[in-house]
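Worksheet: one structure, shown below.
The values are calculated or read from the model by the stated rules, or taken from the named source; none is laboratory data. Source: prediction; values computed, not measured. With ideal geometry, Cβ positions are generated from the backbone for all residues, glycine too; neighbour counts draw on all protein chains shown. These accessible areas exclude ligands, DNA and RNA; they are computed on the full protein's heavy atoms, side chains included. Shrake-Rupley method; radii C 1.70, N 1.55, O 1.52, S 1.80 Å.
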Amino acid sequence: MSARSASSTTITAAVYGLSTEGYRIASSIATKGSKVSLIDESARMAITLKSDIARTYPNVSSLIEDEPLLALEPIDVAINEATYIFFAPRIRKIGQEVKSDVTSKFRDAIRALKRGSSIIYTLPTGIGGSNENIALIEHITGMSVGKDIFYYYMPINTDAIMGPETLIGSLKSRQDTQITKMLYDPNMHDKLNYVNLISAEFVHSIKVLGHYTGMASILEICKHAHDANIRREVMHHGYREIYLDDVANGLYDLRAIGSSLGGAGPLMYLVNGALKGIEGYIKHLIDEIRDVLRKHDLKASRTKVAVAWTLDPNEMRGDKIELLSSLESKLKDYIGDVDRQQGITFDPYPTDKTMIVVACSKYDFAKVTSKNKQNSDFILMKANPICETTFDKISSEK
């Protein structure tokens, strides 16, 4: 195992992707005094992110909203000048188009790499994806990975899936003290652990599959809990606070694993079973909403559904956005009047229809309940495993 020594010159970095995760990395580097460029892959320009800007704007959303005047430079210039390039793009394609979209962006990010630079790949690759990335780097640049250019695999996801340890995969478990310094945060307890590339892919896949097989089991079993007492007892085991938002956190990772596997086999069955469980939950959630209408003799034409799900529009993965669109579309097939509620306030348009509010995250549930503690003039349903209904104006009036 070798450690890369610190260069006598100032470290220069570039982060490819105007994403929440990319900005977090860029801010960490900027506040430590190193030069860092944040690349907007849509505008095809690089922003020079200085420490004062990074401290002023806590996240990429606030930076985009305020639109401060910042120094710009072409993508290829920023990448060619950088010693370290972090690949953290926003992916918004779905289905079969995902891989081609990622590959296209990765080609863009590596085209101007210089000899001696390092590329840190932060999207999940599934199993064997890093070898494909290395082959692409060598094909595009004409240089050898491990000799002329260095490749690291650092899949980013939530602590609920990944735990407190951050794995960095590299050839022969090669360590880099500069990467460690750039990513170090005294307020975080995450430990950076350098392992072999294949080990990093395996461990990440194990964590994702473990998370989703457990999640799918909860969702599937809870669908059969019809008795109120059984539902209440099952929920006492901590499943009440699992929302649709939590279910969607690693869907991209799960699908990446599935697309990296060839043919049928136990691993593919686990992936497909978990995906079917999530698809089945969406159908179950809609069925539960329909059941509320049936129990209270409500007409679909006189009912409005507000889906309260506050999403981060700039996160790398687009699975939550896709899932919200799918839920909204399927609801509209049955109830025409469907409204999205996002942001820090819950403020639906006034209506004379009966309103059902579906809270899809813990944050949104708290937001809705805090605003309407005194006046619960709607039915509130949690998008949790048993689709819990908490406020019910209709039943209180009968």
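Computed values, structure above
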{"quantity": "Qualifying residues in the stretch 169-219 (those that are farther than 17 Å from Pro124 by Cα and small (Gly, Ala, Ser)) - the one farthest from the chain's Cα centre (by Cα)", "calculated": "Ser173"}
{"quantity": "First in the stretch 61-81 and of a type in the set (Val, Ile, Thr), second anywhere and assigned to a strand (DSSP E or B) and open to solvent by 30 Å² or more (accessible area, probe 1.4 Å), Cβ under 8 Å, 6 or more apart", "calculated": "Ile75/Met45"}
{"quantity": "Filter result (within 20 Å of Met316 (Cα to Cα) and part of a helix (DSSP H, G or I)) within the stretch 221-252", "calculated": "Leu244, Asp245, Asp246, Val247, Ala248, Leu251, Tyr252"}
{"quantity": "Selection status of Ile39, assigned to a helix (DSSP H, G or I) and surrounded by 14 or more Cβ atoms within 10 Å (Cβ to Cβ)", "calculated": "no"}
{"quantity": "Residue count, the stretch 261-302 (criterion: under 24 Å from the mean Cα position of the chain (by Cα) and open to solvent by 50 Å² or more (accessible area, probe 1.4 Å))", "calculated": "7"}
{"quantity": "Residue match in the stretch 78-90 (condition: out of contact with any strand residue (DSSP E or B) (no Cβ under 7 Å at 6 or more places or on another chain), over 30 Å from Asn193 (Cβ atoms) and not hydrophobic (A, V, I, L, M, F, W, C))", "calculated": "yes"}
{"quantity": "Tally, over the stretch 226-244, of residues that are open to solvent by 10 Å² or more (accessible area, probe 1.4 Å) and touching a Lys or Arg at 6+ places or on another chain (Cβ under 8 Å)", "calculated": "2"}
{"quantity": "Listing of strands (runs of 3 or more DSSP E) fully contained in the stretch 52-156 that carry 2 or more residues being surrounded by fewer than 21 Cβ atoms within 10 Å (Cβ to Cβ)", "calculated": "72-74"}
{"quantity": "Leading residue by the ranking (nearest to Ile242 (Cα to Cα)) among those in the stretch 351-389 that are of a type in the set (Ser, Thr, Tyr) and modelled with pLDDT under 85", "calculated": "Ser370"}
{"quantity": "3 or more residues buried (at least 20 other Cβ atoms within 10 Å of the Cβ): qualifying strands (runs of 3 or more DSSP E) within the stretch 303-363", "calculated": "303-308, 354-359"}
{"quantity": "Test result for Asp246, among the charged types (D, E, K, R) and closer than 30 Å to Pro89 by Cα", "calculated": "yes"}
{"quantity": "Given (1) closer than 17 Å to Phe87 by Cβ; (2) open to solvent by 30 Å² or more (accessible area, probe 1.4 Å), number of the condition Asp159 does not satisfy", "calculated": "(1)"}
{"quantity": "Single residue of the stretch 168-220 satisfying the filter (aromatic (Phe, Trp, Tyr) and in a helix (DSSP H, G or I)) that is surrounded by the most Cβ atoms within 10 Å (Cβ to Cβ)", "calculated": "Tyr212"}
